[in-house]
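The values are calculated or read from the model by the stated rules, or taken from the named source; none is laboratory data. From a predicted model like this one, the values you see are computed outputs, not experimental measurements. Note that we place each Cβ from the backbone using ideal geometry, even for glycine, and neighbour counts take in every protein chain shown. To get the accessible areas, we keep the full protein, side chains included, count just its heavy atoms, and leave off ligands, DNA and RNA. Shrake-Rupley method; radii C 1.70, N 1.55, O 1.52, S 1.80 Å.
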Amino acid sequence: MLWLFLGILFFFTIFGVPIVFCLGIANLVMLLVMDIPLMALPAKVIQGADSFPLLAIPFFMFVGEVMNRGGIARRLVDFADALVGHITGGLGHVSILSSMFFGGICGSAVAETAAIGGLLIPPMKKQGFPGPLAAAICASAAVIGIIIPPSIPFILFGIITSTSIARIFLGGIIPGIIVGLALMVTTYFITRKKGIARPAPDRRFSLRRVGKTLLSAGWALSIPVIIVGGILGGVFTATEAGAVSAFVAMILGLFVYKEISFKDLPGIFLSTGKTTATVLYLCGMAMCTAWLLTRARVPFELAAMVQSITDSQLGVLLMTNVLLFFVGFVMDLTPAMLILAPILLPVMQQVGIDPVYFGVLMSVNLGIGLITPPVGTVLYVATGVAGVKFEELVKSIAPFVVAELAVLVLLIFFPQVVLFIPNLVLP
């Protein structure tokens, strides 16, 4: 049944059929083969989308829209510039650090690329960065947005596998910071070698400027503190945290920073609704797929097949992550997560791998797929923002992909990097 499903999925994907319709066709064929009434399809799709935790997704998408239009992203960039703008690599480091701040509020790589790239790529070019390199730094840094909590892929993984979203959020903190540091080191050596973006003689670190920009960005930086603190303190769930962050972001944009008005809200709501509709429809269809594959005992057969090859945790992890890496080349993160998580998690659990650990690994791996051709969604956004050719961007982003793969390997060999904070805070 697995091969039938994958064959149908990839056959129609090759011909450019949207992934949600590919899933629908595959589900219909599996229903017929398994002699299940076709009415099960709409019932399972509605049941899959009718989930309270899924409400977190439109809330965090709304936050991203408000940040793009409400001056929040610009204030985060100013604060990041005060902290690291004086280092060789200048605005490249600012882009990466801004993405770390942005990721702690929004959780969407695409929104992050559009917001941070739109603000920083033009001044990066003026600072001497070639367009493709500037776009490569912003695009690779956007992957941090789906690792540092809140993270939309973490929410999806938690919902579809019944894993604690709070623990996954905590598990992404250290890996997200490490990815950011790895990208900053890569940026430093590339810019130093090319002799670009060297700090001006009068450009020095200033505590006074840090304090001033921190005051301006402080309200925005309070959002991730509210989210993580509220979840850990038991004040609200991850879904309610999304609602709180959306409310805070709207208040900041309307009344504190005053860079959006009530007449802007319909456009923000409409944009959020369009994106949410796509994701929820995909979630419902993928939930139906997961139900069918589980009913056909595919996860158990896959687990038996993998264990016939190797029964060691490391061997299973390496095989699975190689598979996910190649999946990232041909499938976007959200459908890949929704389709593969319920299939692969039982395999991981058979060899004693923590679901939280696997959820973080899967998100990091598929996140790298966002910046690899030919499907890489973030690459296409970055080319549009920077006005560069796709092939030029692919060539420039290669060292940053290698840096992120190095972090992934580190996480595979040292699981405690992911599990340290979840086990410490929520044992």
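Using the rule -39500 (n - 2.57) for each DSSP H run of four or more residues, divided by the residues of the chain, the 222 nm mean residue ellipticity is -25000 deg cm²/dmol.
Relative to the longest principal axis of the Cα atoms of the chain, helix 390-413 runs at roughly 70 degrees. About the centre of its Cα atoms, region 189-296 shows a dipole size close to 860 debye [charges on the beta carbon of Lys, Arg (+1) and Asp, Glu (-1) only; nearest 20 debye]. Look at the dipole of the chain built from charges on Cβ: of ILE155, GLN307, ILE371, the Cα furthest out on the positive end belongs to ILE371.
Region 221-284 and region 174-209 have their alpha-carbon centroids 31 Å apart.
Quick one: net charge of PRO427's neighbours, Cβ under 13 Å, K/R +1, D/E -1? Result for the neighbourhood of PRO427: 0. With a cut-off of 15 Å between beta carbons, the residues surrounding GLU259 carry a summed charge of +2, where Lys and Arg count +1 and Asp and Glu -1.
Which net charge results for the neighbourhood of VAL84, defined as the other residues with beta-carbon distances under 15 angstrom from its beta-carbon, given Lys and Arg at +1 and Asp and Glu at -1?
Residues near VAL84 contribute +3 overall.
If you take the square roots of the eigenvalues of the alpha-carbon gyration tensor of region 184-277 and sort them as a ≥ b ≥ c, do you get rounded (a/c under 1.5), prolate (a/b over b/c) or oblate? Prolate, since a/c reaches 1.5 and a/b exceeds b/c. Computed with a 1.4 Å probe over protein heavy atoms only, the accessible surface of region 4-107 comes to 37 Å² per residue. Checking the cross-link pairs LYS193/LYS389; LYS212/LYS389; LYS126/LYS274; LYS258/LYS389 against a 28 Å limit on the alpha carbon distance flags LYS212/LYS389; LYS126/LYS274; LYS258/LYS389 as lying beyond it. Against the main long axis of the alpha-carbon atoms of the chain, helix 40-49 sits at an angle near 30°.
How big is the dipole moment of region 61-203 about its Cα centre under a simple scheme where the beta carbon of each Lys and Arg is +1, that of each Asp and Glu is -1, and everything else is neutral? Debye, nearest 20, please. Show your work: numbers first, answer last.
Working: 11 positive and 5 negative charges, 82 e Å.
Result for region 61-203 is approximately 400 debye, rounded to the nearest 20.
Once the Cα atoms are used to define both axes, helix 131-142 deviates from the longest principal axis of the chain by about 60 degrees.
To put it simply, the accessible area of region 30-135 at a 1.4 Å probe is 66 percent carbon and sulfur. Springs join every pair of Cα atoms under 10 Å in this Gaussian network model of the chain, and among GLY253, GLY234, GLY369 the largest mean-square fluctuation is at GLY234. Selection among PHE326, LEU215, MET285 by position relative to the dipole of region 193-352 gives LEU215 as farthest towards the positive end (Cβ unit charges, Cα centre). Test of understanding: in a Gaussian network model of the chain with alpha carbons linked when under 10 Å, which of GLY328, GLY131, GLY315 would top the mean-square fluctuation ranking? Looking only at GLY328, GLY131, GLY315, the largest GNM fluctuation is found for GLY315. The dipole here belongs to the chain: it is taken about the Cα centre, uses +1 on the Cβ of Lys and Arg and -1 on the Cβ of Asp and Glu, and is about 1360 debye.
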